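As structure tokens, the structure follows; a few thoughts come after it.
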Amino acid sequence: MTGQSAMTKENLRSLTMEELVVLAQQESKGSKESMRALEELVRRNQKNVYITLYHLAPQRNDLADMTQDVLLRMCRSIHSLRNPKTFKYWINRIITNRFYDELRKKPRQLNTVSMDVSYSGNGDEGKTSSRDIPDQSEEPEQLILNSELDQEVQAAIKNLPEHFRTIVVLREIQGLSYEEIANLTNSNLGTVKSRLARARTKLQEALQPYIKGNEN
């Protein structure tokens, strides 16, 4: 990265996440540059942190505070990240640790449902509806259906038991590998794959009435 001494907001926004991490860690290069890089990291990640926490703990009314706490932990710990390429996994560890902190405080206050209860949504669709920008070339009717499907998917994720919901969020929304999820949740690989498969099946089964209703 050249011209760091004259780094502007526009320059920072053109950097990759990895480059921002490297710049934020270089205090010797000047506090202004590292602080600006850190501010850009916060700007880029605050929405994703909030959305992830929302899906992990949808019943909480202090998600904004939890988000700020995660971002503060990120800023305080950025120099401990040895490999900037692992930033995505690293910040998800901060998010899940913050989430588990709340579970330890109030372990029985999360909403759970029976494994046999039907859900509305689809694991794969959850990833698309939560992260993608709608195609504006679609017809208005299709956009309405997409909005309805998004609501169905979000409701489905919200109603999943905590241990299923966490894995679905980390896999379908955050796109982490099975190995990364196993490390974050202190589970073995087989457990992660089994829980994800069962959660997807339940979500797919419950989404079928919605899909059939729109086919008629």
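Readers should treat all values here as calculations from the given coordinates under stated rules, not as data from a laboratory. Predicted model only: the values in this text are computed from it and were never measured. Cβ: placed from backbone, ideal geometry, glycine included. Neighbour counts: every protein chain shown.
Work out, step by step, the length gained on full extension between L72 and H163: first 0.36 nm times the residue separation, then minus their alpha carbon distance; give nm to one decimal. Before the final figure, lay out the partial values.
On the way: separation 91, 0.36 × 91 = 32.76 nm, distance 2.59 nm.
Working it through step by step, the gained length comes to 30.2 nm.
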#### Entry: Separation of the H79 and Q208 label points, Cα + 7 Å toward Cβ, nm
5.7
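Between N183 and R44, what length comes free when the chain is fully extended (0.36 nm per residue of separation minus the Cα-Cα distance, one decimal in nm)?
Using 0.36 nm per residue and subtracting the Cα-Cα distance, I get 47.6 nm.
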### Message
Apply the a/c threshold of 1.5 to the C-alpha gyration tensor of region 9-105 and tell me whether it is rounded, prolate or oblate.
### Response
prolate
### Label-point separation in nm, K9 to R198, each point 7 Å along Cα→Cβ
4.9
### Simple spin-label estimate for N97 and E19 in nanometres, 7 Å along Cα-Cβ
2.9
### Message
Test of understanding: ordering I78, I91 by Cβ neighbours within 10 Å, fewest first, what list do you get?
### Response
I78, I91
### Query
Taking a 22 Å limit on the Cα-Cα distance, which of the listed pairs K85/K193; K47/K202; K85/K158; K9/K32; K88/K202; K105/K193 fall beyond it?
K85/K193; K47/K202; K85/K158; K88/K202; K105/K193
### Task
Output the relative contact order of region 9-105, whole-number percent, from Cα pairs under 8 angstrom with separation of 6+ residues.
28
